[in-house]
Amino acid sequence: MIRKVLVANRGEIAVRVMRSLKELGVASVAVASEADINAPHALAADECVILGPAPASESYLNTKALLKAAKDTGCDALHPGYGFVSENASFTEECEKHGIVFIGPSAESMRVMGSKTASRAAMTDAGVPVVPGFHSEKGSDDELFEKAKEIGWPILLKASAGGGGKGMRVVDKPDAFASSLELCRSEAKVSFGDDTVYLEKYVTNPRHVEIQVFGDFEGNIFALGERECSVQRRHQKIIEESPSPAVDANLRKRMSAAAVEAAKAVAYKNAGTVEFLLDEDGSFYFLEMNTRLQVEHPVTEMVYGVDLVAAQVLTASGKPLTFDPKTLAPRGHAIEARVYAEDPAVGFLPQSGTVALLREPMIPGLRIDSGVAEGSEVGVYYDPMLAKIIAWAETREAATARLRAALEQYVLLGVQTNVNFLIDVLGHPTWESGKLTTGFLGQAFDPWTPPELPLEALALAGHAPSQKSSTHENRSSTQLPTPWQEWGAWRSLTEN
Amino acid sequence: MAKKFRYRDQEFSIEKDKSGDWVNPETDGPSVSITRTPGGSLRAKSDHADLPAYAIASADQVWVHVKGRAYVLEPVQKSRRRGKAPGGGLTAPMPGQVMRHLVNVGDKVEEGEALLVIEAMKMQLEIKAPHSGTLTRFLAEPGETVPAGTALAEVAPE
């Protein structure tokens, strides 16, 4: 059995991994950048190693410093969390070379699934449905047009070298094809220095549904149901649930089988997620496989009653799981809401500051995975997700009510968050109907209007002691305040 | 005396009446009393309800949480308009790191022209000229980390 694990991450996921390690009786080592010395994750482990300065490239992405920290502290394994080094195939090989078990899949699985073209080819060979399309390095304009007619309209033109929505163009009808292709090629040339363009069927009103898969130490691969992740703003998931309102037992069976085939095609080991686009007509297409633990894994844990991190550690230790996948069945409904430091009223701009006051609700069926505590400084260097709030109940309706109640009782002051926005999303008729698509938030909240100011809020502000003018506005632009300078400026009304 | 706060670009007034309750001085509306429990928690009490409440204040902002929502207010006498730095310059809409300048000092710039790029938490944002004119100086160099509201550049109108 693994004895000591370096948790190569920060924030809520690092804290969450350490919780499972503690339960398993495995020692944990945290890593922190100089900006995170007092962060909850740095304090949650048995030991903590400072990696380097705040920028991720010098700390959480610094593979040399991570390896050194693991060796210096006598770790025999490393858990990458998500993001940062979690999908870095060469790093997993480095770890193995130094006798440190990387808790995740093999470098080979990671490489295949990390490449758009290689994974598409592997999935096609394995019989997993992919979005109908035409990928060729040297497709001529005429050839592309012929293929587009075969696939049918609308068609999506994509720059091969593109990503994140850049260099994409939808063509509705044949006569617009030539001009769109020309524009797409020139955009691709300018943005990526490569004018290779490929074609894909454009799925109108798609849902984003993913399947949790797991490969145990003996190579058995099984699925743990789906997660509905269609509630996104700018390709960023903010609310996820399991089960999906669009997936019935039959569809779940078919999607699970496809996901297991996808994982088998790369001899997948440990926890992974196969993402699909789900069309209105019930057909689904492989998008990509995330070769790591997913942010939204808790909804699966809540409906299946399992601990995926514990399962990861056992598998990496060459041990059997504590549950039999054949007897597992989902129960009830779980929904996760992600709390971000951002201002939804002004284009979701990231926010920073000090968490001056934090009260987390305690409700049966509620789980909070948090990376911040009172006094935490929310800086500009890392992802602005602060916490995940996950509610479980017997039905979707009850889970929604529980999550809304929890968000209304989640008090975080000192940093702007999206909590008021999340409450409105969960109260929207489209959410209630369950008819979610990836376009939902853009259509329903453009723009979003913050709540009206009630008299009670104004009275509370009036009650606040008046402050002497601070140096806040005159602060030098070259330095951010340290948490403790900033903290000193706060006046809690409860201490009057 | 009435206190004034700004919320979402609107000003609101509140004052204490004779009994020490808070009322809107401009209307003959309801009143709210703010009290503290022996345990130190705040309560907001009106005719209809007695609610848990939270509040915390820094020099230029008051944060409150009541009725399930969080609000940020700015005391009016102290808050200077955000986004207007001295000299008609332009400011950082979010905290972040200045990545690069896109024009040179002395350049003529058009309204809406991108002047520099600021990055925070995986997100890049172009800072654009608020009006046409000449870029007289940059107030933050590439690599610098700046808080929200920091003046970044100055454009002298034509």
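The values are calculated or read from the model by the stated rules, or taken from the named source; none is laboratory data. Please read these numbers as outputs of a predicted model, since none were measured by experiment. Because the Cβ atoms are built from the backbone with ideal geometry, glycine has one as well, and the counts that use them run over all protein chains shown. Accessible surface is based on the protein model in full, side chains and every heavy atom, while ligands, DNA and RNA are left aside. Shrake-Rupley method; radii C 1.70, N 1.55, O 1.52, S 1.80 Å.
Couple of notes before you dig in:
- Vicinal HN-Hα couplings computed from phi for region A:167-179 (Karplus, 6.51 cos²θ - 1.76 cosθ + 1.60; Hz; Gly/Pro x): x, 10, 8, 9, 10, 7, 9, x, 5, 8, 5, 4, 5
- Global form of region B:3-75, assessed from the alpha-carbon gyration tensor, a/c cut-off 1.5: oblate
- Sequence-distant residues sharing a close amide H with A:VAL101 (under 5 Å, placed H): A:ALA77, A:LEU78
- Total accessible area lost when A and B pair, probe 1.4 Å, Å² to nearest 100: 5300 Å²
- Rough spin-label spacing in nm, given labels placed 7 Å along Cα→Cβ, for A:ASP175 and A:PHE323: 5.7 nm
- The gain in end-to-end length when the A:TRP153 to A:THR449 segment is fully stretched comes to 102.9 nm, 0.36 nm per residue minus the alpha carbon separation.
- Apportionment of accessible area to carbon and sulfur, region A:207-444, percent (1.4 Å): 49 percent
- Neighbourhood net charge (10 Å Cβ-Cβ; Lys/Arg +1, Asp/Glu -1) for A:ALA406: +1
- Listed cross-link partners A:LYS149/A:LYS264; A:LYS97/A:LYS319; A:LYS4/A:LYS97; B:LYS3/B:LYS67 are compared with a 26 Å cut-off, the Cα-Cα value being larger for A:LYS149/A:LYS264.
- Ignoring lysines fewer than eight residues from A:LYS435 along the same chain, the ones with Cα atoms less than 24 angstrom from its Cα are A:LYS201, A:LYS237, A:LYS253, A:LYS388.
- Straight Cα distances below 20 angstrom link A:LYS22 to the aspartates and glutamates A:GLU12, A:ASP46, A:GLU47, A:ASP76, A:GLU301, A:ASP307, A:ASP369, with same-chain residues fewer than 8 positions distant left out.
- Counting only DSSP H runs of at least 4 residues, each contributing -39500 (n - 2.57), and dividing by the residue count of the protein assembly as shown, the helix-based mean residue ellipticity at 222 nm comes to -7500 deg cm²/dmol.
- Residues considered: B:ALA49, B:ALA129, B:ALA114. Largest GNM mean-square fluctuation over chain B, using C-alpha springs under 10 Å, is found at B:ALA49.
- Accessible surface of region A:4-103, 1.4 Å probe: 50 percent of it comes from carbon and sulfur atoms.
- Net length available on complete extension from A:SER433 to A:LYS116 is 110.7 nm, with 0.36 nm assigned per residue and the Cα-Cα distance removed.
- For the residues of A:347-355, the average number of beta carbons from a partner chain within 10 Å of their own beta carbon is 5.
- Test item: B:46-58 mean partner chain Cβ contacts at 10 Å: 6
- For region A:181-266, accessible area per residue (1.4 Å probe, heavy atoms of protein chains only), Å²: 39 Å²
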